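Take a look at the structure below.
What follows is calculated from the coordinates using simple rules that are stated; it is not laboratory data. As the structure is a computational prediction, the values presented were derived from the model and not from experiment. When we count neighbours, we look across all protein chains shown, and the Cβ atoms used for this are built from the backbone with ideal geometry, even at glycine.
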Amino acid sequence: MGETARHYYLRKHNLAKAYINGTGCISPQNSIDSDWFFDEVHSPKGDYFEAIEPSYKDFIAPNLLRRMGRAIKMGVAAGNIAIQQAGVKNVDAIVTGTGLGCFEDSERFLLAILDNDEQFLTPTSFIQSTHNTVGSQIALIMKCHDYNFTYVHRGFSFESTVQDALMLFDEGKDTILVGGIEEHTPNYILLNRKANKFQVREPDMPIWMSEKRGIQMSEGAAFFVLSRNKTQSSLACINGIQTLYKPKNSEDILKKLHMFLSSHRLTLSDMDVALMGFSGDLIFDEKLKSLLPEIEKETTAGAFKNVCGEYHTATAFAMWTATKIIERQQLPKVLAISAKLPSKIKYVLIINQYLDINYSFTLVSQC
Amino acid sequence: MSQKVYITGLGMISAIGNNVPECFLSLSQSKTGIGKIQYLTTRYKDEFLAGEIKLSNAELADLVGDQNPALNRNSYIAMLAAKEAVLNSGIDTKDGLRTGVISSTTVAGMSKTELYYKDLFKNDEHLDVLDTHDCGDSTERIADYIGNVDYVTTISTACSSAANAIMLGCRMIKHGHLDRVVVGGVDALSKFTFNGFNTLMILDREWCRPFDENRKGLNLGEGAAFVVIEGENALNHRKGKALAELIGYANTNDAYHLTASSPEGFGATLAIQQALALSGLKPTDIDYINMHGTGTPNNDLSESKATVAVFGNQVPKFSSTKAFTGHTLAAAASIEAVISVLSLQNSMIFPNLNFNTPIAETGLIPETTLVHTPLNVILSNSFGFGGNCSSLLFKKA
């Protein structure tokens, strides 16, 4: 069956938009501060990029805080900040994404089983090990009885939340909280180091030119209050998102990217910035590297993982960055790959890759 | 209006059989798959029962036909059930239509991680578990096993996971993003989940007794089940055959407690009501309910109350099939979706085993023997930790 016949089955329009009305972001940078705009950028110490965590008692009740693992704390706090900024009391859906979930609690319960030969166990860490704990905890705090989903698919975990939100708006929901969360434990970091998954980046080598293997693993949480309707507090707008599983080569990615943009009646030259998910790993970045000249022909290319590191839900940080770029009408120098910076910024495209398996396009625009 | 969505293929592996025909045979013979623990390594193997798949990992590898050492029990059973569903449906993923795989799991590769976690620090032998521990792993293995898959994602909402995978697949077809989707869930039994449920003190040492006044808890099981769902356009295009129609679904949150259900079953009531509303059906249109019915004191009372809240004194025939399979967590809702379709196709209600005395508070009595009766619409419930409540409605095609 050819492309034309195939098109018959695809919906020709994809008009649902999502307005971003509030954001909250915990990352290895000072992004928790709403005034921070890449002015002071931290570099990772060694091969791991730790999140800068806020004082959680400002966001979470002490009785809850005591038991929570870091992923839950980061997620609930980032969600809380987004909700406060949007000025909403409740939402119609809570949709979270996480590659590894509440790893700290999972590991704690696993080690307790192994260390004590399955005896003397308590349920708290087991209860909190469930991947949907963050979404459930937010629902509990907000008393939200509505739609609650948790996506756990590697480099598509956050993308799936946004895809879902766009469908939910079409189905009549008005306000949706989406977010991506990732935490890692010292043991997990140690084992990944042992498996040679990391690299220590040379400070002067731009991430998109890296010739080494290994990533700089990182963590964080970014949440967004999305709305079907534009309000006074709307910061930016998500026009669309698409995931791409194991594309064959960079031509394949470029072809799909053109199709994605044309479904929004746009071309690459309409993009003012394209943030690309270079991870610093020579092999994983190969396709993006081949794609880069094509992108730079039409628009200004940028990176973001040199600032946030690599993790399953790094696209959530990229979406937060895109929102900020649109708000400030400026591409921070630290992110710029291309020499020529844009003067006005209407469209920011995010092209992400995760381990050269999970690719995605996210289109964010001024609203 | 958006197109109708049909179930066109079934695949299942569980304690009661390695494929759908075997599972159907056990169901129609009232033969449980729950018994003495044979495969899971645990100090409690003589104290508790479980619904294990009666195959070792080596036997599963042979069935899958892949000796890749990175594969784990979760992937083996997911691949087998998904492939069975695809073959059963007769779809050809190379025909240019858009195919998705939406799977779900709670502990993913834990059954292997827990065997080697301590060794990882000592030697390099099993470091591949770092790449296969996460929930996305088995989904991508299914996608590669089937081939030509355009879209993948994975859901984890505890024991309601597969219901949400089915619901999402249906919505993606209705929104025009995909033409057909292989949807379902998988969970291999692990020491991790076994001990988790044990610390919560909700495991019955005997066979579980869903909806019985004297129920003590659940029996854990393991399994994988997938169904192929197709939009009517794609189905008509290939002149395929529908097994059932997916006519309603809803996802709500109880927002009561991280593990326990609210005593009155508030979230469950909402889920059933919203699924009915979406389908445009009345409560009296439901012919049978395949209950979540885990056998825990908390779930069964809460679910009974929700049932009464929706259906009043006209509660349809119902049963829980967990006493056949054990509670298979993320796979439960897709296993029960397969069972529901088998019920519709064969006009059979499979019995609620081990029931003696109704719960005093609600007095509801499940079907306890195999019932032959025409069925048109079936409601299937699934509830999970974190207050997740999901309901699905299947209609005879």
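Overview of values
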item	result
MRE, 222 nm, helices only [DSSP H, n ≥ 4, -39500 (n - 2.57), over the protein assembly as shown, to nearest 500]	-10500 deg cm²/dmol
DSSP H segments from chain B that extend 18 Å or more along their own axis, Cα-based, with Kyte-Doolittle mean of 0.0 or above	B:73-89, B:161-174, B:266-279, B:332-346
Cβ-based exposure ranking for B:53, A:127, in which fewest neighbours within 10 Å come first	A:127, B:53
Helical segments meeting 15 Å axial Cα length and Kyte-Doolittle 0.5 threshold in chain A (DSSP H)	A:70-86
Centre separation in Å (Cα based) which lies between the range B:323-376 and the range B:59-130	29 Å
Distance in nm between pseudo-label sites at residue B:56 and residue A:355 (7 Å out along the Cβ direction from Cα)	2.9 nm
For the range A:71-182, size of Cβ-based charge dipole, Lys and Arg +1, Asp and Glu -1, in debye	360 debye
Relative contact order of chain A, pairs being alpha-carbon contacts under 8 Å that are 6 or more residues apart, as %	23 percent
Modelled FRET efficiency - R0 25 Å, residue A:170 with residue B:309, Cβ distances, 0.05 increments	0.25
Estimated FRET transfer efficiency when R0 is 41 angstrom, pair residue B:361-residue A:90 (beta carbons, to 0.05)	0.80
Ascending count of other beta-carbon atoms within 10 Å, so fewest first, for A:89, A:230, B:395, B:4	A:89, A:230, B:4, B:395
Projected label distance in nm at residue A:33 and residue B:29, using a 7 Å step from Cα toward the beta-carbon	7.1 nm
Paramagnetic label zone (point 7 Å from Cα along Cα-to-C-beta, residue B:131; backbone N under 19 Å) in the range A:151-182	A:153-156
Fraction of antiparallel bridges per DSSP, chain B only, in percent to nearest 5	70 percent
In the range B:31-113, the GluC sites (Glu not before Pro) that fall in loop regions by DSSP, at most 12 other Cβ within 10 Å	B:47
Peptide B:94-107, shielding by other chains (average Cβ, 10 Å cutoff)	3
Förster-model FRET efficiency, 41 Å R0, residue A:65 and residue B:346, C-beta, rounded to 0.05	0.20
Length gained when the stretch residue B:397-residue B:285 is fully extended (0.36 nm per residue, less Cα-Cα span)	38.8 nm
Ranking of B:41, B:296 by count of other Cβ atoms within 10 Å, fewest first	B:41, B:296
Full-stretch length increase - residue B:47, residue B:2 - with 0.36 nm per residue and alpha-carbon distance subtracted	11.0 nm
